[in-house]
Every structure is written in C-alpha cells, then in structure tokens.
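Only the coordinates and a few stated rules stand behind these numbers; no lab work does. If you're wondering where the values come from, they're calculated on a predicted model, not measured in any experiment. Reconstructed Cβ throughout: ideal geometry from the backbone, glycine too, with neighbour counts over all protein chains shown.
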Amino acid sequence: MNEIEKLTEEIISFIKERDWERFHKPKDTALALSIEASELNEVFLWKNDKDANIEKIKEELADVLIYSLDLARQYHLDVSTIIREKIKKNSEKYPVSKCSGKATKYTDL
C-alpha cells in the first residue's frame with residue numbers, strides 16, 4: 001500500500017468513526033473542497049507571500065488535500081494515475097519550446 005492509499009484509508013476511518021458517510025457524497029465533497037480552497041486563498045488576501053501565516057496555509061491546504069483524496073476515492077480514481085495523465089496533457093498543451101518563461105494560457109501561445 002502506497003502513502004496516498006494509507007492517507008485515504010485514514011480519511012475513510014475518520015469519516016466512518018463519526019458516521020459522516022451519509023454527508024460525504026460527491027457533490028458535497030466537491031463543494032467542501034471549493035470552500036476549503038477559498039479559505040486557503042483567504043490566508044493570502046491583502047498580504048505579501050512572506051506575510052501569509054504558514055500554520056494557516058498548512059491547515060487549509062491539508063483540508064483541500066483531504067477532500068481531494070476523498071472525492072477521488074468516491075469515484076474509484078487512482079490519484080497517481082490521474083495526476084500523471086494531467087501532467088502529460090499539460091505537457092502537450094504547454095510545450096517547453098513555446099511557453100518557457102511565459103505565464104501565457106495555452107490558447108494564446
């Protein structure tokens with residue numbers, strides 16, 4: 001069992017121990033993920049990067065990752081596989097020869 005699978009098992013145990021499975025439906029998990037991502041954004045609001053509270057960043061980022069892993073589990077998605085597939089797709093959309101050193105969207109390269 002790899003580390004992602006172990007973490008997912010810990011998340012499942014946490015949810016089951018609290019009898020929260022009925023609340024963790026894909027739509028609600030996706031909404032919670034979005035809310036937690038917004039809370040992560042809030043840590044940076046009106047601040048320079050160096051002024052952001054690292055403890056709050058860790059907490060909110062952990063929440064984003066927990067909900068992400070839970071949503072992947074609900075759809076029986078292998079996180080390593082879907083990340084690698086997305087990196088490959090992005091490599092094709094953003095070839096080094098066209099985008100190196102640029103923050104331009106692939107449609108504008």
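Before moving on, here are some points about what is shown:
- Options 86, 98; residue that is under 30 Å from residue 24 (Cα atoms) and among the basic types (Lys, Arg): 86
Residues are listed down the side, and each one gets a yes or a no for (1) among the basic types (Lys, Arg); (2) surrounded by 11 or more Cβ atoms within 10 Å (Cβ to Cβ):
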residue	(1), (2)
2	no, no
6	yes, no
11	no, yes
20	no, no
30	no, yes
44	no, yes
52	no, yes
61	no, yes
65	no, yes
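- Residues of the stretch 91-103 satisfying the condition of being surrounded by 11 or more Cβ atoms within 10 Å (Cβ to Cβ) and under 30 Å from residue 69 (Cα atoms): 93, 94, 95
- Contact map, the stretch 46-73: first residue under 18 Å from residue 6 (Cβ atoms), second residue hydroxyl-bearing (Ser, Thr, Tyr) and in a helix (DSSP H, G or I), Cβ cut-off under 7 Å, separation 6 or more or different chains; pairs are 67/29; 69/8; 70/29; 71/29; 73/8.
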